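Asker: Take this structure first; my questions come after.
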Amino acid sequence: MKKIIIANWKMNPPSPKEAQAIFAKVKGRAARLSGVETVIAPPFVFLPILKSGGKIKLAAQDVAKDDGGPWTGEVSARMVKGLGASYAIIGHSERRELGEGDEVVREKLYQSLSRGIKSVLCVGEKEKSQEVFPHIVRDEIKKALRGIPKYFASKTIIAYEPVWAISSHSKGKADTPQNFFEMSIFIRRTVLDVWGKLAALRLPIIYGGSVNAKNARGFLEVDGGAGVLVGKASLDAREFNKILEIANTI
Ligand code: PGA
(Lines give C-alpha, C1' and ligand atoms only; values in the text may rest on other atoms or scores of the structure.)
Protein backbone atom coordinates (compact mmCIF):
# COMPACT_ATOMS: atom_id res chain seq x y z
CA MET A 1 0.00 0.00 0.00
CA LYS A 2 1.26 3.46 -0.91
CA LYS A 3 1.84 5.74 2.07
CA ILE A 4 -0.42 8.78 2.06
CA ILE A 5 1.47 11.98 2.75
CA ILE A 6 -0.69 15.07 3.05
CA ALA A 7 0.67 18.62 3.17
CA ASN A 8 -1.70 20.87 5.11
CA TRP A 9 -0.57 24.38 4.19
CA LYS A 10 -3.22 25.99 6.42
CA MET A 11 -3.35 29.78 5.72
CA ASN A 12 0.02 29.79 3.94
CA PRO A 13 1.96 30.85 1.92
CA PRO A 14 1.00 34.52 1.52
CA SER A 15 1.16 34.78 -2.29
CA PRO A 16 0.21 32.70 -5.38
CA LYS A 17 3.80 32.94 -6.56
CA GLU A 18 5.14 31.33 -3.40
CA ALA A 19 2.43 28.67 -3.55
CA GLN A 20 3.43 27.80 -7.10
CA ALA A 21 7.09 27.67 -6.15
CA ILE A 22 6.57 25.16 -3.30
CA PHE A 23 4.15 23.16 -5.42
CA ALA A 24 6.55 22.90 -8.36
CA LYS A 25 9.37 21.61 -6.16
CA VAL A 26 7.18 19.00 -4.52
CA LYS A 27 5.60 17.96 -7.80
CA GLY A 28 9.01 17.40 -9.35
CA ARG A 29 10.05 15.11 -6.53
CA ALA A 30 6.74 13.29 -6.22
CA ALA A 31 6.91 12.39 -9.91
CA ARG A 32 9.88 10.13 -9.18
CA LEU A 33 8.35 8.33 -6.21
CA SER A 34 6.06 5.45 -7.01
CA GLY A 35 5.44 4.34 -3.43
CA VAL A 36 3.80 7.51 -2.18
CA GLU A 37 0.42 9.15 -2.58
CA THR A 38 1.37 12.83 -2.37
CA VAL A 39 -1.45 15.21 -1.50
CA ILE A 40 -1.28 18.99 -1.12
CA ALA A 41 -4.00 20.92 0.71
CA PRO A 42 -3.53 24.62 -0.15
CA PRO A 43 -5.89 27.44 0.79
CA PHE A 44 -8.99 27.35 -1.48
CA VAL A 45 -7.86 30.35 -3.52
CA PHE A 46 -4.75 28.55 -4.73
CA LEU A 47 -6.58 25.44 -5.96
CA PRO A 48 -7.17 26.83 -9.48
CA ILE A 49 -3.52 27.79 -10.01
CA LEU A 50 -2.02 24.52 -8.82
CA LYS A 51 -2.45 21.70 -11.27
CA SER A 52 -2.98 18.23 -9.91
CA GLY A 53 -2.02 15.33 -12.11
CA GLY A 54 1.08 13.25 -12.50
CA LYS A 55 1.75 11.89 -9.04
CA ILE A 56 0.29 14.75 -7.07
CA LYS A 57 -3.25 15.18 -5.74
CA LEU A 58 -4.98 18.28 -4.45
CA ALA A 59 -7.02 18.53 -1.27
CA ALA A 60 -9.38 21.11 0.15
CA GLN A 61 -8.75 22.06 3.78
CA ASP A 62 -12.49 22.12 4.45
CA VAL A 63 -15.84 21.98 2.66
CA ALA A 64 -19.20 23.55 3.48
CA LYS A 65 -21.90 21.50 5.18
CA ASP A 66 -24.31 22.31 2.34
CA ASP A 67 -24.15 21.93 -1.40
CA GLY A 68 -24.99 25.55 -2.18
CA GLY A 69 -27.10 28.49 -1.07
CA PRO A 70 -26.95 31.56 1.13
CA TRP A 71 -23.78 30.80 3.09
CA THR A 72 -21.46 33.81 2.89
CA GLY A 73 -17.82 32.80 2.70
CA GLU A 74 -18.44 29.08 2.36
CA VAL A 75 -17.09 26.81 -0.38
CA SER A 76 -18.85 23.57 -1.30
CA ALA A 77 -17.47 20.10 -1.90
CA ARG A 78 -18.83 20.29 -5.44
CA MET A 79 -16.86 23.50 -6.07
CA VAL A 80 -13.54 22.16 -4.82
CA LYS A 81 -14.02 18.97 -6.79
CA GLY A 82 -14.56 21.10 -9.89
CA LEU A 83 -11.20 22.73 -9.20
CA GLY A 84 -9.40 19.41 -9.10
CA ALA A 85 -9.46 18.51 -5.41
CA SER A 86 -9.81 14.76 -4.96
CA TYR A 87 -9.22 14.89 -1.19
CA ALA A 88 -10.62 17.04 1.61
CA ILE A 89 -9.63 17.54 5.23
CA ILE A 90 -12.71 17.45 7.46
CA GLY A 91 -13.04 18.49 11.09
CA HIS A 92 -9.49 19.75 11.61
CA SER A 93 -9.00 20.90 15.21
CA GLU A 94 -8.36 24.46 14.01
CA ARG A 95 -11.86 24.46 12.46
CA ARG A 96 -13.35 22.90 15.58
CA GLU A 97 -11.61 25.69 17.54
CA LEU A 98 -13.57 28.20 15.44
CA GLY A 99 -16.79 26.65 16.68
CA GLU A 100 -17.37 23.72 14.33
CA GLY A 101 -19.25 21.13 16.37
CA ASP A 102 -19.59 17.37 15.86
CA GLU A 103 -22.84 17.70 13.93
CA VAL A 104 -21.34 20.18 11.45
CA VAL A 105 -18.31 17.92 11.03
CA ARG A 106 -20.67 15.04 10.25
CA GLU A 107 -22.56 17.07 7.65
CA LYS A 108 -19.30 18.20 6.03
CA LEU A 109 -18.03 14.64 5.92
CA TYR A 110 -21.25 13.57 4.27
CA GLN A 111 -21.06 16.34 1.66
CA SER A 112 -17.48 15.54 0.84
CA LEU A 113 -18.04 11.78 0.56
CA SER A 114 -21.19 12.29 -1.51
CA ARG A 115 -19.07 14.07 -4.10
CA GLY A 116 -16.70 11.12 -4.27
CA ILE A 117 -13.93 13.02 -2.50
CA LYS A 118 -11.49 11.08 -0.32
CA SER A 119 -12.23 12.56 3.04
CA VAL A 120 -9.72 12.84 5.86
CA LEU A 121 -11.60 13.01 9.14
CA CYS A 122 -9.41 14.58 11.85
CA VAL A 123 -9.85 13.45 15.44
CA GLY A 124 -7.78 13.95 18.57
CA GLU A 125 -7.88 15.00 22.19
CA LYS A 126 -7.06 18.55 23.27
CA GLU A 127 -4.81 17.96 26.27
CA LYS A 128 -2.15 15.36 26.79
CA SER A 129 -3.21 14.95 30.39
CA GLN A 130 -6.76 13.95 29.52
CA GLU A 131 -6.98 10.48 31.02
CA VAL A 132 -10.11 9.62 29.16
CA PHE A 133 -8.76 10.67 25.78
CA PRO A 134 -9.49 7.42 23.93
CA HIS A 135 -13.14 8.04 24.77
CA ILE A 136 -12.94 11.55 23.37
CA VAL A 137 -11.57 10.16 20.12
CA ARG A 138 -14.20 7.43 20.03
CA ASP A 139 -16.91 9.99 20.59
CA GLU A 140 -15.65 12.20 17.76
CA ILE A 141 -15.55 9.26 15.36
CA LYS A 142 -18.97 7.90 16.30
CA LYS A 143 -20.60 11.31 15.99
CA ALA A 144 -18.91 12.02 12.65
CA LEU A 145 -19.85 8.65 11.13
CA ARG A 146 -23.43 8.54 12.44
CA GLY A 147 -25.76 7.96 9.52
CA ILE A 148 -22.95 7.90 6.94
CA PRO A 149 -23.56 4.86 4.72
CA LYS A 150 -21.04 2.07 4.89
CA TYR A 151 -20.38 2.24 1.16
CA PHE A 152 -18.55 5.50 1.82
CA ALA A 153 -15.98 3.65 3.92
CA SER A 154 -13.64 3.12 0.97
CA LYS A 155 -13.27 6.91 0.57
CA THR A 156 -12.74 7.62 4.26
CA ILE A 157 -9.39 8.19 5.97
CA ILE A 158 -9.00 8.98 9.65
CA ALA A 159 -6.20 11.27 10.84
CA TYR A 160 -5.31 10.89 14.49
CA GLU A 161 -4.10 14.33 15.37
CA PRO A 162 -3.76 15.06 19.08
CA VAL A 163 -4.29 18.80 19.39
CA TRP A 164 -1.48 19.21 21.94
CA ALA A 165 0.97 17.74 19.41
CA ILE A 166 0.31 20.30 16.65
CA SER A 167 3.34 22.53 16.15
CA SER A 168 1.43 25.78 16.66
CA HIS A 169 0.17 24.60 20.06
CA SER A 170 1.95 26.25 22.98
CA LYS A 171 3.64 22.99 23.96
CA GLY A 172 3.49 21.47 20.47
CA LYS A 173 5.60 18.32 20.39
CA ALA A 174 5.02 15.20 18.33
CA ASP A 175 3.34 12.20 19.92
CA THR A 176 5.21 8.88 19.96
CA PRO A 177 4.89 6.22 17.26
CA GLN A 178 3.94 3.77 20.04
CA ASN A 179 0.97 5.87 21.08
CA PHE A 180 -0.06 6.29 17.44
CA PHE A 181 0.06 2.52 17.10
CA GLU A 182 -2.15 2.01 20.13
CA MET A 183 -4.56 4.72 19.02
CA SER A 184 -4.79 3.27 15.55
CA ILE A 185 -5.95 -0.05 17.00
CA PHE A 186 -8.47 1.79 19.14
CA ILE A 187 -9.71 3.80 16.13
CA ARG A 188 -10.09 0.63 14.08
CA ARG A 189 -12.15 -0.96 16.87
CA THR A 190 -14.38 2.10 16.96
CA VAL A 191 -14.92 2.00 13.20
CA LEU A 192 -15.66 -1.73 13.46
CA ASP A 193 -18.58 -0.90 15.78
CA VAL A 194 -20.01 1.47 13.17
CA TRP A 195 -19.16 -0.02 9.79
CA GLY A 196 -18.12 -3.59 10.54
CA LYS A 197 -14.96 -5.61 10.19
CA LEU A 198 -14.02 -5.21 6.55
CA ALA A 199 -14.32 -1.43 6.57
CA ALA A 200 -12.38 -1.25 9.83
CA LEU A 201 -9.57 -3.43 8.52
CA ARG A 202 -9.22 -1.47 5.29
CA LEU A 203 -9.48 2.01 6.82
CA PRO A 204 -6.32 4.08 6.28
CA ILE A 205 -5.29 5.74 9.56
CA ILE A 206 -2.68 8.48 9.44
CA TYR A 207 -0.87 10.51 12.10
CA GLY A 208 -0.59 14.30 12.34
CA GLY A 209 1.09 16.66 14.81
CA SER A 210 4.60 18.14 14.48
CA VAL A 211 5.70 15.63 11.85
CA ASN A 212 9.03 16.56 10.26
CA ALA A 213 11.82 14.88 8.30
CA LYS A 214 13.46 13.73 11.55
CA ASN A 215 10.52 11.96 13.15
CA ALA A 216 8.46 10.91 10.10
CA ARG A 217 10.05 7.48 9.76
CA GLY A 218 8.85 6.41 13.21
CA PHE A 219 5.23 7.17 12.36
CA LEU A 220 5.47 5.76 8.85
CA GLU A 221 6.84 2.47 10.13
CA VAL A 222 4.01 1.92 12.58
CA ASP A 223 2.26 -1.33 11.79
CA GLY A 224 -1.09 -0.46 10.25
CA GLY A 225 -0.21 3.23 9.92
CA ALA A 226 -1.08 4.57 6.46
CA GLY A 227 0.78 7.87 6.37
CA VAL A 228 1.14 11.33 7.87
CA LEU A 229 -0.53 14.73 7.79
CA VAL A 230 2.12 17.43 7.78
CA GLY A 231 1.51 21.08 8.65
CA LYS A 232 4.43 23.43 9.26
CA ALA A 233 7.11 21.19 7.73
CA SER A 234 5.15 21.00 4.47
CA LEU A 235 5.79 24.67 3.73
CA ASP A 236 9.48 23.95 3.32
CA ALA A 237 9.65 22.00 0.06
CA ARG A 238 13.05 20.47 0.88
CA GLU A 239 11.87 19.22 4.25
CA PHE A 240 8.61 17.91 2.83
CA ASN A 241 10.41 16.20 -0.04
CA LYS A 242 12.61 14.41 2.49
CA ILE A 243 9.45 13.05 4.14
CA LEU A 244 8.25 11.84 0.73
CA GLU A 245 11.60 10.12 0.12
CA ILE A 246 11.41 8.37 3.50
CA ALA A 247 7.82 7.24 2.86
CA ASN A 248 8.86 5.87 -0.51
CA THR A 249 11.35 3.51 1.14
CA ILE A 250 8.83 1.97 3.56
P1 PGA B 1 1.86 20.55 12.27
O2 PGA B 1 0.33 20.61 11.82
O3 PGA B 1 2.54 19.55 11.42
O4 PGA B 1 2.37 21.96 12.03
O5 PGA B 1 1.86 20.18 13.70
C6 PGA B 1 -0.39 19.46 11.50
C7 PGA B 1 -1.83 19.80 11.29
O8 PGA B 1 -2.38 20.63 12.04
O9 PGA B 1 -2.48 19.25 10.37
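The values are calculated or read from the model by the stated rules, or taken from the named source; none is laboratory data. What you are looking at is a predicted structure, and each value in this text was computed from that prediction instead of being measured. Virtual Cβ from ideal backbone geometry, glycine too; neighbours counted across all protein chains shown. Heads up: the accessible areas ignore ligands, DNA and RNA and are worked out on the full protein's heavy atoms, side chains in. Shrake-Rupley method; radii C 1.70, N 1.55, O 1.52, S 1.80 Å.
Asker: Using Cα-Cα distances under 8 Å and only pairs 6 or more residues apart, what relative contact order does the chain have, in percent? Before the final figure, lay out the partial values.
Answerer: Numbers: 499 pairs, mean separation 53.0, N = 250.
Reported relative contact order: 21 percent.
Asker: Now for a separate question. GNM on the chain, C-alpha springs below 10 Å: top fluctuator among A233, A64, A31?
Answerer: Greatest mean-square fluctuation among the candidates belongs to A31.
Asker: Once R0 is set to 22 Å, what does the formula 1/(1 + (r/R0)^6) return for the Cβ-Cβ distance between I136 and K197, expressed as a FRET efficiency to the nearest 0.05?
Answerer: Values: r = 24 Å, r/R0 = 1.10.
So, using R0 = 22 Å, E works out to roughly 0.35.
Asker: Then there is this: Could you run the Karplus curve 6.51 cos²θ - 1.76 cosθ + 1.60 with θ = phi - 60° over the range 38-49 and give me ³J(HN,Hα) per residue in whole Hz, x for Gly and Pro?
Answerer: Going residue by residue, I get 9, 10, 10, 10, x, x, 3, 5, 8, 3, x, 9 Hz, with x marking Gly and Pro.
Asker: Here's something else I'd like to know. Quick one: pull the percent of accessible area on the range 129-192 belonging to carbon and sulfur, 1.4 Å probe, ligands and nucleic acids left out. Could you put the intermediate results ahead of the total?
Answerer: Details: 1850 of 3280 Å².
Ligands and nucleic acids excluded, carbon and sulfur give 56 percent.
Asker: Also, quick follow-up: Sequence-distant or interchain residues sharing an amide H contact under 5 Å with K57, placed H: which?
Answerer: Under 5 Å from the amide H of K57: T38, V39, I40.
Asker: Follow-up. I want to verify a result. In a Gaussian network model of the chain, Cα cutoff 10 Å, which of these has the top mean-square fluctuation: S119, S154, S86?
Answerer: In the Gaussian network model the winner is S154.
Asker: Among S112, S168, S234, which one shows the highest mean-square fluctuation when the chain is modelled as a Gaussian network with alpha-carbon springs under 10 Å?
Answerer: S168
Asker: Run the simple label-point estimate for F44 and E127 please: 7 Å along Cα→C-beta, distance reported in nm.
Answerer: Spacing of the two 7 Å Cα→Cβ label points: 3.4 nm.
Asker: Just to check I understand the Karplus step: with θ = phi - 60° and J = 6.51 cos²θ - 1.76 cosθ + 1.60, what whole-Hz values come out for the range 4-18, glycine and proline as x?
Answerer: Per-residue couplings from phi come out as 9, 10, 10, 8, 9, 6, 6, 9, 9, x, x, 10, x, 4, 5 Hz.
Asker: Taking the solvent-accessible surface of protein heavy atoms with a 1.4 Å probe, what is the per residue accessible area of the chain in Å²? Walk me through the numbers on the way to the answer.
Answerer: Numbers: 11680 Å² over 250 residues.
Roughly 47 Å² per residue, with all protein chains present.
Asker: What trypsin sites (Lys or Arg not before Pro) in the range 84-146 are in a loop by DSSP, with at most 15 other Cβ atoms within 10 Å of the Cβ? Write out the running numbers ahead of the final one.
Answerer: Working: sites: R95, R96, R106, K108, R115, K118, K126, K128, R138, K142, K143, R146; in loops: R115, K126, K128, R146.
Counting only loop positions with at most 15 other Cβ atoms within 10 Å, the trypsin sites (Lys or Arg not before Pro) in the range 84-146 are K126, K128, R146.
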